[in-house]
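Only one structure is covered here, and it is reproduced in the block below.
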Amino acid sequence: KNPDGSFTSHLIDFGLSRVEGGHLTLRCNPYGSHYAPELFKGQPCTPASDIYSLAVMISDTQNTFDNLWPPGVKDLCKKMLCRSPQHRPSLAK
C-alpha cells in the first residue's frame with residue numbers, strides 16, 4: 001500500500017522461467033498451482049502458459065482486492081484460465 005492509500009502491483013520472477021518451447025521439469029514447490037495444465041502433461045511452455053499463470057495471480061488478488069479491479073477483469077481472467085491453451089487470449093489479441 002502506498003502512502004497515499006493507493007496500491008501498486010509488482011510481478012516477480014519465481015525462478016521458474018523457461019525458454020519458449022522448453023519443457024518444464026516439475027519439482028515440489030509452493031507455486032505449482034500457477035502452472036498451466038498443459039505443463040503437467042509434458043507439453044512445452046508457450047506464451048499461453050504465461051497467460052494462464054498471470055490469470056492465476058490476478059484471480060488470487062481479485063479475491064482480496066475485488067473492488068479495486070476495473071470492470072471486465074473477471075471475464076478476462078476466465079478466458080485466460082481456459083484449460084485449452086489455444087483458446088486463451090494472447091498478447092496479440
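Coordinate-derived values only; no laboratory data. Worth saying up front: this structure is predicted, and the values here are computed from it rather than measured. All Cβ positions, glycine included, derive from the backbone under ideal geometry; neighbour counts span all protein chains shown.
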Directionally averaged projected area (convex hull, Cα atoms, the range 32-87), nm²: 3.9
Backbone N within the range 43-63 under 19 Å of label point (7 Å from S90 Cα along the Cβ vector): 43-55
